[in-house]
Structure formats: structure tokens, C-alpha cells
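The values are calculated or read from the model by the stated rules, or taken from the named source; none is laboratory data. These numbers come from a predicted model, not from an experiment. All Cβ positions, glycine included, derive from the backbone under ideal geometry; neighbour counts span all protein chains shown.
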Amino acid sequence: MQELSVRHLLGIKDITPQDIQLIFETADNFKDVLNRPIKKVPSLRDITIANVFFENSTRTRLSFELAEKRLSADVINFSSSSSSVKKGETLLDTVNNILAMKVDMIVMRHSSPGAPHFLSNHIKANIVNAGDGTHEHPTQALLDSFSIRERLGDVAGKKVVIIGDILHSRVALSNIFALQKLGAEVMVCGPTTLLPKHIRQLGVKVELDVRKALAWCDVANVLRIQLERQQMKYFPSLREYTLYYGIDKKMLNSLDKEITLMHPGPINRGVELSSDAADSHHSIILNQVENGVAIRMAVLFLLAQKQ
Amino acid sequence: MQKRLIVNHQLLDIMVLRLCHQLIENHGDFSDSVILGLQPRGRFVAQRIQHTLASILGKQVPTGYLDTTFHRDDFRRRETPLTANATKVDFLIEGKNVILVDDVLYTGRSVRAALDAMIAYGRPANVELLVLIDRLYSRHLPIQPTYVGRHVNSLQSQRVLVEWKEQQAPEDNIWLITKNEE
């Protein structure tokens, strides 16, 4: 009998490689459930989950909501644009008000790094971090590694490069932790202005030339340029970024091996990835989305046992 | 802890053979019948039944494994966490005669969960239950087996353990385990 070592999923940094394996094994079973004629199980029928989103999200929120509904949980949705947050209520008050209505789990996205960690010290409900600012996005990293495992058989020993806006990316940080815990080699690649200053201390390789990075790797995880988080100019223009860091089919064909292409979405077609590359057989972008539901079902199922 | 052998491997072989003949009486050539073993332990019984049927009928009866973890009613109410097992049902059960197979029938709750889990794969024409051991007077639910290897009268504090060579046990054996009073 195995269980998670944590009560909340705040970040990949806090969990063990065994936790990740347990989540993967449970997700394998949920993936099987999702391929049945009836894609629903009654496991969480006595649990109410609040999806609290203080920041915009389409994919992650839909994926969580679907995962919750397929586990038969009751779901309430909350987004800050239509709430009392605008009237000046604090985060803790907002969440405590939701919990007073007998909610068992909170899935939260917030623009401030550490917001879910703060909450976890003050409330009893299980918390799943669905992205906190530029810090972590654990379920995304889990589904990315799960998708690599599905495509290549194993994550250990694989060479994975994360390309693009590393500085503003929570996906990058969570991915680095997850991949390293699973035994992969990690490289980051991007313009120097978009690489955090002390990134080497995390034990990752740094490469500035995207062609060399692609030649090195087995898997390339391409990130979006997060213009909404950039308060200053980090590169002269999007066109110039595309010229130096955009990946197209020609580049993939020129490699002497097959690499796997990933993207956490949303894709800016023609910026970091050309359409022919995003839609090529190299890409597992839609598999990532599919696996996202199974991974989130596994996380919610395993955390629900820790109440 | 006391361990008493209640069925040895020769008896177990005879028991499986008898259950197979009873199945053949009801299912004929198994053209519309499938076997579903309940994970984790019913799977070994299902494999044994399939193997024995193959040696009698000369054909492989479709056999799958059903995991009931996500359908259990004691999720979050038990001391030890539940761990999911693989489900492998690579055939349609719509309109089929399904034989659910498990090693020990005790409270009946696993079987209830299995009925739920099975329905997700379609609507079977008929469902039967085969168990090696039926523990008497212990049911929480109105569930009765169609085919029984042996009835066992046991105390609540006792446990019935079925061991298989496939699980690295030295022999196929069925034990009645009694925990010593402290």
C-alpha cells in the first residue's frame, strides 16, 4: 500500500521521486478509465472541490474540472474577475469563506509565487497548486514527464531541452525539478535575457544556440514567450526572436535523429513553433493535453486519501 | 499467529477442475461467455480457470482483469490507502455472459464495486460469480456466489489466504489464519 508523502501538491520541489512514480502508476489506470465507454468513476463522490483561479486559464481549468467531474466530485468554480477580490477582500478571507461552505479541496492558480504555500499554513483543506506566478506549475510538469514516459518508455537517461522564456516560466522550473528527480538530463536554451541569472545552480546545462540544443536532445519542450509577464523589453522584436529561436519543420528534418516536440500551450504559431512543426509527427502536444486529465485525476485521487 | 491449511494443492486442482465442469454445464462452448478476474487476487484464479478450460475445451475463453479500486465504498474510510491495479478488458461485454471470479467472498463489498466497475464496459446479458472460498455468515450485502469451491465457517478475526505459485509461493495452498489474542 503506497501513499503520497505530502498533503498538498504545492510544487514538484516538495515531493519525492516515489511520489511521482505513484502518481504515474495511478494515472496509467485513470488513462484506462478515460478510454472506456463510460469515462467516470465514483471515487470522490463525497468530496467538493473549489477551483479558485485568480489568473486567467483555459486549458488547466478545463482539465482540472474534467478530472474532478470524472471522479464524481462536486465542483465549484471561482474566478477573481467576477468576485469580491475586486472589492478588496484578502486571499485568506476569500478562501476561508469558500471553505466555510464545506469544501474539501482547493485547486488554486494565483499570480503571486508562494500563494498556495501561504494558504497551506492557514487552512485544513488539501491544496493543489495550478500555477503560482513564475514559481511552479506541478501538474503541468507531471503530465509533461508522463507524456515523455509514454512516448519514449522512460524518463531516466533522456536528454530534455526547455527552450524559450525560462525567466517567466513556472512550467520550466517545475519541469526541471520533475525531470531531474526522474533521472533525466536537463538543458535550458533561450536568449540570455530570458535565462535566470543563477540557473546553472539547479544543475542544468545552458545553451544559447537552439540548433545545438536540438542536436543534443531527445525531447524539446518549447515554451511560449509570456509577453503579459514581461514588464520590459527582453529582445528587440518577436520577429527577431522567431529568427533566432523559432523552430520549424526544416530544422527538425535537418537533424540526424528523431526528436520529440512538446509545448505546454497555448502555442503562438509562427513565433516559437511554426505550424508545420507543431502539426508534425514529432509533436506530442495533444497527447500532453489528453494525459493532463489522467494526471490530475491521479493527483486529486491520491490527495483525497490524505485528508 | 496460527496458520491452518484448509485446502492443499491437490485438492485445489480438483476444486478448480470441478468448477470448470460446472461452468461448462451452464456455458457450453463459451461462445458468448467471458471471464473477469477481480484484481488483485482474483486474477490468479481467473488465469487458472482459463487454463483448465483450455485443456478441456481446446479453446481460450476471453479473460480479463477488473480493478475495483475507484469504485469501492470504503475509499477514504479505511486505515490503509487503496492502491489501484491495472484493468485489462480487451473485449466487449455488451450482451455477454460474464463470470466474475475472485478468490475469497467475505463481506461482498468488492463484488458490489466490481458490478459497478463492470457496467462501465457495457451491459452484460447475465452475470455470475465464481469464488474459491465462501466465508459463511459474513456478508454485509445481499450477494451470493453462483459457483463455490468450498464454504468456510470462520471468525471475523480470522483471515483466509489463497497462495499461488505465480506469486512465488512454494505451493498452491489455501490457509486459514488466526491472529493470537494479545
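Quick rundown of the values:
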read-out: Residue among A:L92, A:L62, A:L143 that alone is surrounded by fewer than 17 Cβ atoms within 10 Å (Cβ to Cβ), out of contact with any strand residue (DSSP E or B) (no Cβ under 8 Å at 6 or more places or on another chain), hydrophobic (A, V, I, L, M, F, W, C) and closer than 24 Å to A:V222 by Cα; value: A:L62
read-out: Criterion violated by A:I76 - all others in (1) under 30 Å from A:S283 (Cα atoms); (2) surrounded by fewer than 17 Cβ atoms within 10 Å (Cβ to Cβ); (3) in contact with a strand residue (DSSP E or B) (Cβ under 9 Å, 6 or more places away or on another chain) satisfied; value: (1)
read-out: Search result, residues across region B:55-91 that are over 16 Å from the mean Cα position of the chain (by Cα) and outside any loop (DSSP other than H, G, I, E, B); value: B:S55, B:I56, B:L57, B:F70, B:H71
read-out: Selection status of B:P40, under 25 Å from B:L141 (Cα atoms) and either among the charged types (D, E, K, R) or facing chain A (nearest Cβ under 10 Å) (or both); value: no
read-out: Some residue of region A:79-90 being within 14 Å of chain B (Cβ to nearest Cβ) and assigned to a loop (DSSP other than H, G, I, E, B); value: no
read-out: Residue that is farthest from the other protein chains (Cβ to nearest Cβ) [pool: residues in region B:59-88 that are closer than 21 Å to A:K40 by Cβ and aliphatic (A, V, I, L, M)]; value: B:L66
read-out: Flag if A:V103 is assigned to a loop (DSSP other than H, G, I, E, B), of a type in the set (V, I, T) and either more than 20 Å from the chain's Cα centre (by Cα) or closer than 17 Å to A:L302 by Cα (or both); value: yes
read-out: Qualifying residues in region B:106-121 (those that are hydrophobic (A, V, I, L, M, F, W, C), in a helix (DSSP H, G or I) and within 14 Å of chain A (Cβ to nearest Cβ)) - the one farthest from B:T69 (Cα to Cα); value: B:I119
read-out: Single unsatisfied condition, B:P40 versus (1) within 15 Å of the chain's Cα centre (by Cα); (2) modelled with pLDDT of 90 or more; (3) assigned to a loop (DSSP other than H, G, I, E, B); value: (2)
read-out: Residue that is farthest from B:E163 (Cα to Cα) [pool: residues in region B:82-107 that are surrounded by fewer than 18 Cβ atoms within 10 Å (Cβ to Cβ) and without any contact (Cβ under 8 Å) to a residue 40 or more places away in the chain]; value: B:E94
read-out: Meets criteria (over 15 Å from B:Y147 (Cβ atoms), at pLDDT below 90 and of a type in the set (S, T, N, Q)) for B:T80; value: yes
read-out: Qualifying residue in region A:213-231 (condition: more than 24 Å from the chain's Cα centre (by Cα) and of a type outside the set (G, A, S)); value: no
read-out: Failed item, numbered, when B:I6 is tested on (1) free of Cβ contacts under 8 Å to residues at least 60 places away in the same chain; (2) out of contact with any helix residue (DSSP H, G or I) (no Cβ under 8 Å at 6 or more places or on another chain); (3) of a type in the set (V, I, T); value: (1)
read-out: Qualifying residue in region A:15-34 (condition: within 21 Å of B:T87 (Cα to Cα), assigned by TED's automatic domain parsing to the domain that holds A:E68 and loosely packed, with under 15 Cβ neighbours inside 10 Å); value: yes
read-out: Among (1) closer than 16 Å to A:V219 by Cα; (2) surrounded by fewer than 19 Cβ atoms within 10 Å (Cβ to Cβ); (3) among the polar types (S, T, N, Q) - the single one A:S283 does not satisfy; value: (2)
read-out: Qualifying position, being in contact with a Leu (Cβ under 9 Å, 6 or more places away or on another chain) and at pLDDT below 90, among A:V41, A:V6, A:V85; value: A:V85
